[in-house]
Structure formats: C-alpha cells, structure tokens
Amino acid sequence: MPGNNVRWNMIRFSTVLVYLFLFLPIVAVILLSFNPRQFGGFPIEGVSLRWYAELFHNGTIRRAAHTSLVLGAQTAVIASVLGVLASMALMRFRFRGRNFIGSMLIMPILVPEVVLGVALLLFLRWLSMPRSYPLLLMGHVLITLPFVILVVQARLAGMRTDYEEAARSLGANSIQAFFSITLPLMLPAVLAGMVFAFTISFDDITATLFWKSAGTETIPTEIFAMLRNSISPQINALGTLMIVLTVSLPLLAGVIARGFARGKTQKRVV
C-alpha cells in the first residue's frame, strides 16, 4: 500500500540520518589525521603522516599508551579468571543466594559509571585509602567483570555436561576435568570475554578520572587533557589509532573463535 511505502521510506531515511550523525565525526577525525596543516579543516590539502610521526615521538603519549596497554592486559586477565570461576559456580552448582550473587555481579552494567566511580571513591576515602594504581585496576576489573560473566555463561548454557561426567567416570577429578574438557570447550567465549574486558578498559575515561592517582594517565585521559589545554592535530592521529585498535580487536577475536570452532569440528570428523 502507498501509505506503508511512505512510512518505510521515512524509517529508512531516519536510520540513514542516525548512522550519518554517529559515523561522520569518526570519518572526519580519520581524514583530518592525514592533513598536513596545523589547523585542520576541509578541503584537505594533500596527505601526510606528519602528526603520526610527532605522536610517536611524544613521550607523554607513549607513557599513557604503555599505561593503557598494561592496565588493559591486567584487567583482561584478572576479569577473565574471576569471570570463569564465577560463571562455573553460578552455572554448575546450586546453593543458597545464587541468584542474588549473580545479580550483584552483573549490577555494574546497570549502574552509571559516574555513580559507580563516585561511590567507590567515597567508600575508599572513608577507609582512608588514597587513589592509586591498584585502585584503578580494581575499578576496571569491577566494570569489565559483568561482560566476561555474561559471555562465558552464555557458552556454558549451551554446553552439555556429558563430557565432564565421562571424564570423571574415567577417574579424572574435578580440576582435571575442568582443564582437559570444560576449559577447551569454552575457550572461544573466554577469549571473547578477554577482548571485551581489554577494549572496555582501554577506552574507559569516566571511571578512570575518579580512580587514577596523580601522574597516572591513560590514553583517554590524556586526550581529555589535550582537549582542555589546546586542540592539537595529534589528537586526530591518536583517535584514529584508538579506532583501529578497538575495531580490529573484536574482529580478531571473532576470527580466532571461528578458528577454534573449525578445528574442533575437523577433529570430530576425523
């Protein structure tokens, strides 16, 4: 009917406008990062890697990048270990308060980061604990742990327990059955959770501003400081690198997960 076609065309047009509103600024940042002029603008006069070279020689940016990478890696490892243990406990055992504990572990997703950051900061000040790197790491684990738990739980929900029971019937204890059967089967989900945790930690700025100590800067907080002081073309180059990193990591995790699944399928066929 003509009326339905008009409504669908309006929905499509609105969807295109929303996507343009979301992604045009990102495209502009990427294009301006190759602009050789000090004060970037359109049209771009030539292509240059000048700001990438200056960014590489910027000692402050390199220290912030090192902090972000180390913090993200530590967050991913700790959140993955805790997430796997919590998921196994919630999915494989029945105990009093299980639903309440599961809800509390997922709660950081529902609480705004500003509220979470202020609450944890006030609580630690009440305990007379100053802001420090361990506090920053603990905060990042707190906000990334729910994502790991959700991913691993989804994998465990689709896994049959027959293999674990068969391993135990053949003499393996619970730890041996976990490392030889359960962990390899849910390894793609664990890797996906690690990527989620690293990406969220690497990009986080709201909670980091509350929890970081003086002199500790990550890439997002350094960009925020650069925007407050002056608008440097290096920000466009740094933003482009962050976009590439945060987009490529989930894609790489998907490729690795499919590789694991394909390898296991081939072993079953053999």
If Leu137 satisfies every condition in (1) surrounded by fewer than 18 Cβ atoms within 10 Å (Cβ to Cβ); (2) more than 15 Å from Trp211 (Cα to Cα); (3) under 19 Å from the mean Cα position of the chain (by Cα) but one, which is the exception? (2)
If only one of Phe39, Phe34 is modelled with pLDDT of 75 or more, of a type outside the set (Asp, Glu) and part of a loop (DSSP other than H, G, I, E, B), which one is it? Phe34
From the set of residues in the range 83-134 that are charged (D, E, K, R) and within 19 Å of Ala214 (Cβ to Cβ), which is farthest from the chain's Cα centre (by Cα)? Arg125
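Are any residues in the range 115-134 surrounded by fewer than 13 Cβ atoms within 10 Å (Cβ to Cβ) and free of Cβ contacts under 8 Å to residues at least 12 places away in the same chain, and if so, which ones?
The initial filter retains those residues of the range 115-134 that are surrounded by fewer than 13 Cβ atoms within 10 Å (Cβ to Cβ), namely 115, 119, 122-123, 125-130, 134.
Within the range 115-134, Val115, Ala119, Leu122, Phe123, Arg125, Trp126, Leu127, Ser128, Met129, Pro134 meet the criteria.
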Of the residues Ala73, Ala64, only one is buried (at least 18 other Cβ atoms within 10 Å of the Cβ), within 18 Å of the chain's Cα centre (by Cα) and modelled with pLDDT of 85 or more; which? Ala64
So Pro146 passes all but one of these: (1) under 18 Å from the mean Cα position of the chain (by Cα); (2) surrounded by 18 or more Cβ atoms within 10 Å (Cβ to Cβ); (3) modelled with pLDDT under 80. Which condition number does it fail? (3)
Kindly provide the set of residues from the range 161-184 that are surrounded by 15 or more Cβ atoms within 10 Å (Cβ to Cβ) and either touching a residue at least 40 places away in the same chain (Cβ under 8 Å) or among the small types (Gly, Ala, Ser) (or both), ordered by number. Ala167, Ala172, Ala177, Phe178, Thr182
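Would you kindly identify the helices (runs of 4 or more DSSP H) lying entirely within the range 105-223 that contain at least 2 residues that are of a type in the set (Gly, Ala, Ser) and within 27 Å of Gly59 (Cα to Cα)? Spell out how you get there, then give the answer.
Numbers: elements: 113-126, 133-157, 162-169, 174-177, 187-203, 206-211.
Those helices (runs of 4 or more DSSP H) span 187-203.
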Contact list please: Cβ distance under 6 Å, first residue in the range 188-202 and in contact (Cβ under 8 Å) with a residue 60 or more places away in the chain, second residue in a helix (DSSP H, G or I) and among the aromatic types (Phe, Trp, Tyr), pairs at least six apart or on different chains. Pro188/Phe260
Which numbered condition Leu82 fails, given (1) more than 18 Å from Leu137 (Cα to Cα); (2) surrounded by 12 or more Cβ atoms within 10 Å (Cβ to Cβ): (1)
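The values are calculated or read from the model by the stated rules, or taken from the named source; none is laboratory data. Note that this is a predicted model, so its numbers are computed, not measured. No Cβ is skipped: glycine too gets one built from the backbone with ideal geometry, and neighbour counts run over all protein chains shown.
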